[in-house]
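The values are calculated or read from the model by the stated rules, or taken from the named source; none is laboratory data. In this text, all values refer to a predicted model and were calculated from it rather than measured experimentally. Neighbour counts run over all protein chains shown; Cβ positions are idealised from the backbone, glycine included. Each accessible area value is taken on the protein alone, full model and side chains, heavy atoms only, with ligands, DNA and RNA left out. Shrake-Rupley method; radii C 1.70, N 1.55, O 1.52, S 1.80 Å.
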Amino acid sequence: LAVAGLWCTPPGEAPKEAGRAISGMAPSIAFDHTLAVSSGRYLQGAFFSVPFDAQTATGEGQKFVRRFSAQFGEPPNAFSVFAYDAYKLVRKAIDGGDNTRASLALNLWHAQSNELAGPSTGLLPDREAQRATRIMELKGDHFEVAHIEAEHIDETP
């Protein structure tokens, strides 16, 4: 993008180099904080969809990070937390009386738990996570949880 004169720039700021300011949004299941150092100058102000980040996890997520890291010697990634949360939801349903595949399939969609480590507390009727991701913004040499208000989102293609 930089070669074409397109620079990811925070809203309201001019690009640091000659060219056109653009906004960036990256879906990223494999989010990595080292991106801020390796490509940060090209991605200032970019938003990253981060389904799980061990460095910024809070509450149950932070507890999960500590236990996982102690057991496996490295922090968990999004796949680890999704597997953990899936187990917790299935376990809760089984403990609640679901004892067949049919009853589990029927009831799992509304299962909820405060013991989940990922961003969601359960599932919606369409079996999607109630809250599937967090938005992080690259600011300088680090990422911060973004606080985006709906009126600031430009939905033009």
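Remarks
- Among beta bridges that DSSP assigns inside the chain, antiparallel share in %, nearest 5: 60 percent
- Surface accessible to a 1.4 Å probe, Ile22 within the full protein complex, Å²: 40 Å²
- Share of pairwise Cα separations in the stretch 1-57, more than 12 Å, in percent: 67 percent
- Three-way shape label, the stretch 52-157, alpha-carbon gyration tensor, a/c 1.5: oblate
- Distance between the modelled labels on Ser69 and Val145, one decimal in nanometres: 1.7 nm (7 Å Cα→Cβ projection).
- Remark: relative contact order (the stretch 10-50) = 51 percent; criterion is Cα-Cα distance under 8 angstrom and separation of 6 or more residues.
- Using C-alpha pairs under 8 Å with a sequence gap of at least 6, the mean separation divided by the residue count of the chain gives a relative contact order of 22 percent.
- Average silhouette area of the stretch 4-112, convex hull of alpha-carbon atoms, in square nanometres: 10.3 nm²
- The protection proxy used here, the mean number of other Cβ atoms lying within 10 Å of each residue, ranks peptides 32-40, 50-58, 10-18 as follows, highest first: 50-58, 32-40, 10-18.
- Judged by the mean number of other Cβ atoms found within 10 Å, the most tightly packed of the peptides 125-133, 108-116 leads the ranking 108-116, 125-133.
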